[in-house]
């Protein structure tokens, strides 16, 4: 069975502080991992995927197979980063599994 | 490019009734996935349709069923509604069968009383 754990329901930081949203997964094979974001009153949208290894809006995420983690990081948080963030995994059967989400609040 | 649309926006049903939710996929997408999102939880995968065939199913009972039409729009049907079916139902479309990059609709808020 595949599982995604986001241990923090809420993360509160000040503008300019570093941010790390944690994501741990359980899957026996080689998964594809994603981060989705939902800004206030907007629909869920893809932020980044581990395959592309790119930085989006200053966010990066590295897949650590040893620790089975895919933490989302940004060195300097901005107020506009305040949103709900979901980590998601797709295994070999193409069935996606989402974490419960972390609400990020960036204070001015 | 037209995004994913869902209808209705919200509705209220009584326990035991049946409901049909609708989704129009993004232009050029042939794969549609449906999710249930309970309050405070992440989206939970119900099933996916690719070229009118069910292509994967999550841990949901048979009373959750779906259809995909030749224009790739889709319906989610839920029979014998239960109180726990109250949730936000999300539809997502993608251009590949593996649903690797999905584009989500705004959701339908279903309340079962």
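No lab work stands behind these numbers, since they all come straight from the coordinates. Note that the structure is predicted; figures quoted are calculated from it, not measured. All Cβ positions, glycine included, derive from the backbone under ideal geometry; neighbour counts span all protein chains shown.
Structural remarks
- Assessment of the range A:53-60 against the conditions (under 14 Å from the mean Cα position of the chain (by Cα), surrounded by 12 or more Cβ atoms within 10 Å (Cβ to Cβ) and more than 14 Å from residue A:73 (Cα to Cα)) yields no matching residue.
- Among the residues here, residue A:94 does not qualify as buried (at least 20 other Cβ atoms within 10 Å of the Cβ) and either free of Cβ contacts under 8 Å to residues at least 40 places away in the same chain or part of a strand (DSSP E or B) (or both).
- When residues in the range B:16-45 are screened for being surrounded by 14 or more Cβ atoms within 10 Å (Cβ to Cβ) and without any contact (Cβ under 8 Å) to a residue 40 or more places away in the chain, 4 of them pass.
- Looking only at the range A:46-63, and only at residues there that are touching a strand residue (DSSP E or B) at 6+ places or on another chain (Cβ under 6 Å) and farther than 20 Å from residue A:24 by Cα, the one that is nearest to the other protein chains (Cβ to nearest Cβ): A:56
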